[in-house]
Amino acid sequence: MIFTYRASGIDPQTQKVRNVTRKIDTDDWLMTIKRELMYRGASSVVERDLLPLLESDSLDELASCVHGLYDTWRYGAGTAIFELAMFVWAKHKRGECSARVWATVLGFTWQAGVSGMLAAVKLSTNQVIEMFNAAPKEVLFNVMSKGKGEDSTFAAYKEMADTMVVYRGVSTGMSHQENGFSWSLDIEQARDFSLRNCHTKKEAPGILIAEIRKDAILCAFDYESEIVVNPLIPKKNLQKLFLEGKALKEFHKRFDASRYLTDAVHPANPKKQIFQL
């Protein structure tokens, strides 16, 4: 199976937008990590430790192994953890590893910190939904919540109401605003992502607010209060709030600062500052 990883971000040295594109051939991936120096010699760990764990049900050990590989790759081989995810997905599709194993890898790679999300791999909406639906929720929801109580995230999910309000931080430069997978139960997290998603001074940050049904939730994570939402299930009461006027001018003046000072106003409460830092 061949996949393409694409992502954009600000280069910390040049402060300019940098695009990353990389092809992933899951059939050749084991040979690739042996050939290329960027993988930092981790092929022995993959062969010695990871491959046997993919055939077992030792999920805690598997999660620890994947986490260790991520720490090895995160700065020198930023796409490698996502290549690993595609490699395991191909094995699962062939029936070579269990749904529980796939759920463990998916849960970690979707939330793999500074390198972004599995969403950076160019996949169709239906493919992403298939990946989440293939993972048992009782495993998937708790991959990133170890040490916070047994089944903490899945238990919280089971107690959720049938409908809920979610938030998403976007920019005018994004083509997939309301149809994106990643939302949050925390409006402050959406606020921060709206700023991060602005890559040029031509873009304006914004927050989307929507009501979703519980059955639209593909996954929930403690980290960033993220809710992965099935975009094919209609949302209700969608609102789009973007900075404009004087507030947007102030944002653009401070665009290169490490923190932004902006002041969009919540429509239901004129005194509440959504973008306030």
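Per residue, how much accessible area does region 79-221 have with a 1.4 Å probe, in Å²?
Averaged over the residues of region 79-221, the accessible area is 39 Å².
Which value, in Å² rounded to 10, gives the accessible area of Cys198 with a 1.4 Å probe and all protein chains present?
Roughly 0 Å² of Cys198 is accessible to a 1.4 Å probe.
Which semi-axis lengths, in whole Å and largest first, follow from the square roots of five times the eigenvalues of the Cα gyration tensor of region 34-141?
20, 17, 12
Name the long-range amide H neighbours of Thr163: under 5 Å, sequence gap of 5 or more, or other chain; modelled H, no Pro or chain starts.
Correct list: Lys214.
Distance cut-off 31 Å, Cα to Cα: go down the list Lys214/Lys240; Lys91/Lys137; Lys23/Lys249 and report the pairs above it.
Cα-Cα > 31 Å for Lys23/Lys249; rest within.
Rounded to a whole number of µm²/s, how large is the Stokes-Einstein D of region 156-224 at 4 °C and 1.567 mPa s, given Rh as the Kirkwood radius over C-alpha pairs?
102
Please compute the volume of the convex hull spanned by the alpha-carbon atoms of region 74-211 and report it per residue in Å³.
For region 74-211, the hull spanned by Cα atoms encloses 135 Å³ per residue.
Using Cα centres only, tell me the gap between region 39-82 and region 159-199 in whole Å.
30
What Kirkwood radius, in Å to one decimal, follows from the Cα pairs of region 50-108?
11.4
Based on the Cα coordinates of region 121-200, what is the per residue volume of their convex hull in Å³?
Expressed per residue, the convex hull around the Cα atoms of region 121-200 is 139 Å³.
The values are calculated or read from the model by the stated rules, or taken from the named source; none is laboratory data. Since the model is a prediction, treat every value here as computed from it, not as a measurement. Note: areas computed on protein heavy atoms with side chains; ligands, DNA, RNA excluded. Shrake-Rupley method; radii C 1.70, N 1.55, O 1.52, S 1.80 Å.
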